[in-house]
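Worksheet: the structure to be examined is printed underneath.
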Amino acid sequence: MPGKSKGGGLEAGPGRADGHPVEKVYFRCQRCAKCCRWPGFVRVTNDEITAIARYLGIDEDAFIQQYTRLRPGRDGLALVDKPNGECFFLDGNACTLQPVKPGQCRDFPNGWNFPGWRDVCEAIPIKMP
């Protein structure tokens, strides 16, 4: 059974009981925005805060006050949600922060994912050489 590889994508190969060669899969986003509606916290780093605030044309303190919340454990900031639970910056199926969206968003589902993500995500698996 394939497992999650550290560099993203799924991998199977050396070490597999059946001896088949390594198979890597990259998931191409279809912009279904279902990950943007999944409950949780979108972490933002200091560099991401700077980039997003600049993109929105506001100062960093205003961005922090208006668009972030303290994460559980008080270990950093996360983007706020709309009352319905989806990302505040989601407009239909479009990310209004697309050019500067946080790494957590950019890296899904290849850099990280959650149990059951394939049941909701429409990303297309592409076999890599």
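The values are calculated or read from the model by the stated rules, or taken from the named source; none is laboratory data. Remember, it's a predicted structure, so these values are computed and weren't measured experimentally. Heads up, the Cβs are rebuilt from the backbone with ideal geometry, glycines too, and the neighbour counts pull from every protein chain shown.
Remarks
One line per residue, one yes/no per condition, for (1) within 30 Å of Pro125 (Cα to Cα); (2) of a type in the set (Val, Ile, Thr); (3) modelled with pLDDT under 90; (4) touching an Asp or Glu at 6+ places or on another chain (Cβ under 6 Å):
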position	(1), (2), (3), (4)
Ala17	yes, no, yes, no
Arg31	yes, no, yes, no
Asp47	no, no, no, no
Glu86	yes, no, no, no
Leu90	yes, no, no, no
Arg106	yes, no, no, no
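- Scan of segment 63-108 for residues that are β-branched (Val, Ile, Thr) and either within 15 Å of the chain's Cα centre (by Cα) or not in a helix (DSSP H, G or I) (or both), ordered by number: Thr68, Val80, Thr96, Val100
- Flag if Gln104 is within 16 Å of Glu48 (Cα to Cα) and without any contact (Cβ under 8 Å) to a residue 40 or more places away in the chain: no
- So Asp61, is it under 17 Å from Arg106 (Cβ atoms) and among the acidic types (Asp, Glu): no
- Test: residue in segment 109-127 that is without any contact (Cβ under 8 Å) to a residue 60 or more places away in the chain and within 22 Å of Tyr55 (Cβ to Cβ): no
- Flag if Gly13 is at pLDDT below 90, assigned to a loop (DSSP other than H, G, I, E, B) and within 22 Å of Gly111 (Cα to Cα): yes
- The residues listed here are Asp81, Asp75; of these, the one that is of a type in the set (D, E, K, R) and surrounded by fewer than 12 Cβ atoms within 10 Å (Cβ to Cβ) is Asp75.
- For segment 21-62, residues that are in contact with a strand residue (DSSP E or B) (Cβ under 8 Å, 6 or more places away or on another chain), of a type outside the set (Lys, Arg) and part of a loop (DSSP other than H, G, I, E, B) total 6.
- Look at segment 62-78: where a residue is assigned by TED's automatic domain parsing to the domain that holds Ala51 and a partner is of a type in the set (Asp, Glu), sitting 6+ places away or on another chain with Cβ atoms under 9 Å, you get Arg69/Asp81.
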